[in-house]
Structures are given as structure tokens and as C-alpha cells.
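A short write-up of the structure that comes next.
The values are calculated or read from the model by the stated rules, or taken from the named source; none is laboratory data. Predicted, not measured: the structure shown is a model, and the values here were computed from it. All Cβ positions, even for glycine, are placed from backbone atoms using ideal geometry, and neighbour counts span all protein chains on display.
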Amino acid sequence: MEFIREYMPDWAVRVLIGLGIWFFICYYFITPFIYDRVTLPLRKHYIEDIVKFNQYWKYSQENEKIIDYSNCLYANYFIDNVYEITQWVSSGTYYKPKAIHSMVKLINMPTYQDSCGEKPWKT
């Protein structure tokens, strides 16, 4: 603390504390909200594709199972990548980590498919 007090200007300490508070707010409040807003269209598109697939092959599956499976995939992905996604949010979407780019390919990632159980449709 003595080193910080002696060699850092007062404004730098205030800026660092402000950035820490901003990151904390993003981590716990803003990121989950924005993540849901960003991923809901992806989930909707994914669910619509699966429903069309089921209708084409005349599978009688409940859409709720498909929605639950999709929500499980995205929830697990968010839990694993919350820090990187928070960096994306707190930088005003300037910093784009790998987690944001790979979100579209999420459905094909076996790690998340295994954690959510069996797929609710026939393959």
C-alpha cells in the first residue's frame, strides 16, 4: 500500500477502483442480462430449425423438451465462459474473446451436449 500511495497519482487509483467496480457490476448484473438478449435469437433460430426438422420427418416431439435442451446448452456455456463474456460486455463489445465467436457453433460442441443429457429429437 505504501508503494501505491507513494508512486501512483491519486487519479490513477480512482480510475482503477472505478474499473474494478464497473467490471463487478458487469459480471453480476449486466452480462447475464445482455447474454440472454444476445443468445435468445440464436436459441430461437436453433429451436425453429429443430421443429422444422421434426415436422419434416414427422417426429412427434414436444417443443418444450427442445427449448429446455437449448436453454441447458446456453446456460452451461455461459457458466464456463462468464469471465470472457464479461470482458466483452465491459469493454463495450470492443474486445471479442473466443467465447463470443464460438457461441454460434455451440450446438455441435460435445462437452455441452453431454452435460445436458440426450438430445430431445431422433437422429
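In segment 50-68, which residues are surrounded by 11 or more Cβ atoms within 10 Å (Cβ to Cβ) and either within 27 Å of residue 90 (Cα to Cα) or modelled with pLDDT of 70 or more (or both)? Of everything in segment 50-68, those that are surrounded by 11 or more Cβ atoms within 10 Å (Cβ to Cβ) and either within 27 Å of residue 90 (Cα to Cα) or modelled with pLDDT of 70 or more (or both) turn out to be 65, 66, 67, 68. Within segment 1-30, the residues that satisfy the criterion of being farther than 19 Å from residue 84 by Cα and surrounded by 10 or more Cβ atoms within 10 Å (Cβ to Cβ) are 4, 8, 12, 13, 14, 15, 16, 17, 18. Evaluated against (1) modelled with pLDDT under 80; (2) of a type outside the set (Lys, Arg); (3) in contact with an Asp or Glu (Cβ under 9 Å, 6 or more places away or on another chain), residue 107 falls short on exactly one condition, (3). Restricting the first member to segment 1-29 and to residues that are farther than 27 Å from residue 92 by Cα, and the second to residues that are part of a helix (DSSP H, G or I), the beta-carbon pairs closer than 7 Å and six or more apart or on different chains are 4/13.
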